[in-house]
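The values are calculated or read from the model by the stated rules, or taken from the named source; none is laboratory data. Please read these numbers as outputs of a predicted model, since none were measured by experiment. Backbone-built Cβ (ideal geometry, glycine too); neighbour counts: all protein chains shown. When the accessible area is computed, the model is the full protein with side chains, heavy atoms only, and any ligands, DNA or RNA have been set aside. Shrake-Rupley method; radii C 1.70, N 1.55, O 1.52, S 1.80 Å.
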Amino acid sequence: MADLINVYINEVLVSVPKGTVIVDAAKKLGVNIPVFCYHPKLKPVGMCRMCLVEVGRRKIDRATGQPLLDANNQPEIAWGLKLETGCTTPIEEGMQVRTQNEVVKKAQKDVLEFLLTSHPLDCPVCDKGGECPLQNLTLQFGPGTTRFDYNDKQHLDKHYPLGDIIFLDKERCIQCARCIRFQDEVADDRVLGFYERGRTMQIDTLSEPGFDSKFSGNTTDICPVGALTTRDFRFRARPWEMTHVPSICTHCAVGCNLTLGTRRSARDRQWEILRVMPRQNEDVNEIWICDKGRFGHHFTRSQARLTTPLVRKNGQLAEATWDEAIKLVAERLNVVYGHVVGFIGDRVSNEDAYLFGKLFREGVKTTRIANRPHVAGADLVQKYGVGSGTNLGALGKGTVVLIVAGDVEETAPVYMLRLRAAAQRGAKLIVANARETKMDRYAANSLRYKVGTETQLVYGLLNAVNQGSGIRDQVAAYTPAKVAEITGVPEAEITAAGKLIAEAKDLIVVFGDEQPYDIMVNGQYTDAGRALPQACANLVVATGHAGKANNGLLSLWPHNNTQGVFDMLAANGAQWTPADGLKALYIVGSDPIGEGQTLPKSEFTIVQELFLTETAKQADVVLPALSFAERDGTFTNAERRVQRYYKAIAPLGQARADWEIIRMVGEQLGLKWTHYLTSEGVMAEIAATVPQYSGTEYAALAQVTEAWPPVGSNDLYFGGTAYDNRGGVGVQIKSGVELDGQSEMNWIEPPVPSAESTLHVRQLNRHGTLIDQSAVYQPRLIDAPIEPAQVLKGA
């Protein structure tokens, strides 16, 4: 624990860690010092002067170095001649601070009067109205009138596009620089800056295209006025008009906590999502989200959504009743008895995947199910994933993070923010990839290998650590010198990286899927594709970094519930086997044909989907499913944190939750499933029957803990308009090795790449079925899956 220092604020004693600034110390005591430029997640700059306070320090005897004492044997206090900024002044032992006397109040009133000299009085039409720190602090601390001549006001652009999504009202800007500092200090995208001076100073974009960042929307959250607004929400609604519902992002494996702002549409009286805001969870996304998660929600109310069951009649899909569709599905499944293969996507909930697996095991009498896209290493992450209690926000000195074959910003953007912050706190990053990524900026060692040689490099690092019990003979062949010859990475760099790993107190190995296409067949990883995850697992096991907090594997999965879907299918014994004698296909939340894959031939195909995808167009029965916003459920993120999301809007048409559709099919097949009345009931069974998911009942997932910094509610001025967490922080489940204490290493021969091997690169803003429904986000989307500069060939 950091050294604690005692300070008196308004004559009340509080003990806080060394280095704490006055504003934070006061906040922990419940004393609110008003701020505009200060934000607890940014470096203090003291620009706005709103936090001026009176500070007194102990008088020190120069001869002895001890405090001078008064007649009452108390330290004498020397009060400063001038007020000091509470956001830049660290506390000292015995310091005394006054935040509410007349001198301080006059300074606060004066600062607000200056800020309002050119600020427009447009609160009734400003999007920030109702959650505006300037508005609130003016009412609490500011003057009731102004002495400034209206004719001397600065008149600037009111609707200035910083980029394709974010707009700037230059008259409202108070030059606090929160937006600039967020982009520089947190996102590391230096795309905003000041120009001009004095009262004409303004914000502008420094990039082409404008405001080129994956995190631009966060600036609107921390802006203390209505200067920054989004194209998506501008002039749509007032904060108090919306219902705010906790949810989870569905666009990547981070599992960012969200708050959905919903309201009935004035146009058709249907409930809709008006905006998406971050919900604080310091163990997951802190108070940040990426722009895709913020603006990618429009698919939930797309006009292209399926709203009624469809059955093929006379070669065409036609509308049908639920009874008709479910009876037909059950009849055909009964006839084919076991000659069925299931495909399920990794965006569906844990409840959906669990019941799907159980339906096949108990009702269809087969376990032939594949999650699409099939991912390599989910079983290894289940066994050796980061231990319970892992928090990327706590990583620092003594921690080494190896990132191999993955672009963190493109696959899990908020992980990039958190790992960068870890490096700033002293953690050592080893970034290994066939191409340069943003993470190389923060790396202690950057290892650039030839395409397809990532597995050999991992074994070279293991050899350099001089570990590998159980596979020692195989690893012995991968000496740093030999691996340097294979991968093209200098031997000295391999040895240096190996030394970092050997000396690490904590080790996390992050692996992605930037591997050659030729180790994938029809979208499925071969044994060669499993070689890298197995090598990474061997590394954490051999070095003793499995089964404890802040140690183990972390995968950059393609979607929000990749790990959870695998866990649920594994709990039901599902496994992929060749589809000989296939007579029926049952596909849930997956579009293999649209992804360029070939489906096995079958006599009958069932598809559960949100949209009439290319796969659904070929189906015999199409069952309309609900989006995440129209139902309750849970996802398991890449760190194996199970998190709950809540129903926010009414269902479209006759669509139903995937688990409910599966239950209906099961009951029609004769299964006694009437007890599955809600998704909560399904999750209760999961918690009771799947050992790793013990303790994940909805009530447990809904538990919240006190978090720092405080945000939302009465703390808008301090932490921004991100929402405090009232929906639950989730439960991080234990890894397999934590449960059974058993670990082992297995050997898969590293694949040998050919000269024609092409790197598989995933991009965050690639076109897709869901994100294509967000018109506001279209300018950011990329047509080609791989930019020409990123196409790398094997050596």
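The set of residues in the range 233-272 being under 14 Å from residue 723 (Cβ atoms), more than 10 Å from the chain's Cα centre (by Cα) and of a type in the set (A, V, I, L, M) consists of 242, 245, 260. One residue alone among 613, 678 is open to solvent by 20 Å² or more (accessible area, probe 1.4 Å) and of a type in the set (Val, Ile, Thr), and that residue is 678. Where strands (runs of 3 or more DSSP E) fall entirely within the range 147-209, those with at least 2 residues that are in contact (Cβ under 8 Å) with a residue 60 or more places away in the chain are at 166-168. Being touching a residue at least 40 places away in the same chain (Cβ under 8 Å), assigned to a loop (DSSP other than H, G, I, E, B) and in contact with a helix residue (DSSP H, G or I) (Cβ under 7 Å, 6 or more places away or on another chain) is the filter here, so list the residues in the range 479-501 that pass it. Within the range 479-501, 489 is the sole residue that qualifies. On inspection, residue 468 fails the criterion of being touching a strand residue (DSSP E or B) at 6+ places or on another chain (Cβ under 6 Å) and at pLDDT below 95.
Let's see how each residue does on (1) touching a strand residue (DSSP E or B) at 6+ places or on another chain (Cβ under 9 Å); (2) surrounded by fewer than 24 Cβ atoms within 10 Å (Cβ to Cβ); (3) over 19 Å from residue 633 (Cβ atoms); (4) not basic (Lys, Arg):
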{"residue": "552", "(1), (2), (3), (4)": "yes, no, yes, yes"}
{"residue": "563", "(1), (2), (3), (4)": "yes, no, no, yes"}
{"residue": "571", "(1), (2), (3), (4)": "no, yes, no, yes"}
{"residue": "589", "(1), (2), (3), (4)": "yes, no, no, yes"}
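Matching residues to (1) over 21 Å from residue 623 (Cα atoms); (2) open to solvent by 50 Å² or more (accessible area, probe 1.4 Å):
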| residue | (1), (2) |
| --- | --- |
| 274 | yes, no |
| 288 | yes, no |
| 299 | no, no |
| 304 | no, yes |
| 320 | no, no |
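Any idea which of (1) surrounded by 13 or more Cβ atoms within 10 Å (Cβ to Cβ); (2) within 30 Å of residue 230 (Cβ to Cβ); (3) modelled with pLDDT of 90 or more; (4) not assigned by TED's automatic domain parsing to the domain that holds residue 8 is the one residue 108 doesn't satisfy? For residue 108, the failing item is (2).
Using the structure shown, decide if residue 473 is acidic (Asp, Glu) and either open to solvent by 70 Å² or more (accessible area, probe 1.4 Å) or at pLDDT below 95 (or both). Yes. With respect to residue 527, determine if the residue is acidic (Asp, Glu) and at pLDDT below 95. Spelling it out, residue 527 is indeed acidic (Asp, Glu) and at pLDDT below 95. Scanning the range 194-247 for residues that are among the aromatic types (Phe, Trp, Tyr), surrounded by fewer than 17 Cβ atoms within 10 Å (Cβ to Cβ) and touching a strand residue (DSSP E or B) at 6+ places or on another chain (Cβ under 9 Å) yields 194, 195, 235. From (1) over 30 Å from residue 257 (Cβ atoms); (2) part of a strand (DSSP E or B), pick out the condition that doesn't hold for residue 344. Checking residue 344 against (1) over 30 Å from residue 257 (Cβ atoms); (2) part of a strand (DSSP E or B), the one that fails is (1).
Screening residue 174 on (1) open to solvent by less than 60 Å² (accessible area, probe 1.4 Å); (2) aliphatic (A, V, I, L, M); (3) more than 32 Å from the chain's Cα centre (by Cα) shows it passes everything except condition (3). In this structure, residue 361 does not qualify as open to solvent by 10 Å² or more (accessible area, probe 1.4 Å), in a loop (DSSP other than H, G, I, E, B), modelled with pLDDT of 90 or more and out of contact with any strand residue (DSSP E or B) (no Cβ under 6 Å at 6 or more places or on another chain).
Only strands (runs of 3 or more DSSP E) whose full extent lies in the range 1-85 are considered here, and the ones with at least 1 residues that are of a type in the set (Gly, Ala, Ser) are 12-17, 52-58, 77-79.
So that you can scan it fast, the table gives a plain yes or no per residue for (1) part of a loop (DSSP other than H, G, I, E, B); (2) over 27 Å from residue 555 (Cα atoms):
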{"residue": "653", "(1), (2)": "yes, yes"}
{"residue": "663", "(1), (2)": "no, yes"}
{"residue": "692", "(1), (2)": "no, no"}
{"residue": "700", "(1), (2)": "no, no"}
{"residue": "711", "(1), (2)": "yes, yes"}
{"residue": "725", "(1), (2)": "yes, no"}
{"residue": "734", "(1), (2)": "yes, no"}
{"residue": "739", "(1), (2)": "no, no"}
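Considering every residue within the range 114-129, establish whether at least one is open to solvent by less than 20 Å² (accessible area, probe 1.4 Å) and touching a helix residue (DSSP H, G or I) at 6+ places or on another chain (Cβ under 6 Å). Checking the range 114-129: at least one residue is open to solvent by less than 20 Å² (accessible area, probe 1.4 Å) and touching a helix residue (DSSP H, G or I) at 6+ places or on another chain (Cβ under 6 Å).
Would you confirm whether or not the range 443-464 contains a residue that is at positive phi, open to solvent by 10 Å² or more (accessible area, probe 1.4 Å) and of a type in the set (S, T, N, Q)? No, there is no match, as no residue in the range 443-464 is at positive phi, open to solvent by 10 Å² or more (accessible area, probe 1.4 Å) and of a type in the set (S, T, N, Q).
With respect to the conditions (1) of a type outside the set (A, V, I, L, M); (2) within 30 Å of residue 135 (Cβ to Cβ); (3) touching a residue at least 60 places away in the same chain (Cβ under 8 Å), residue 713 falls short on a single one, namely (3).
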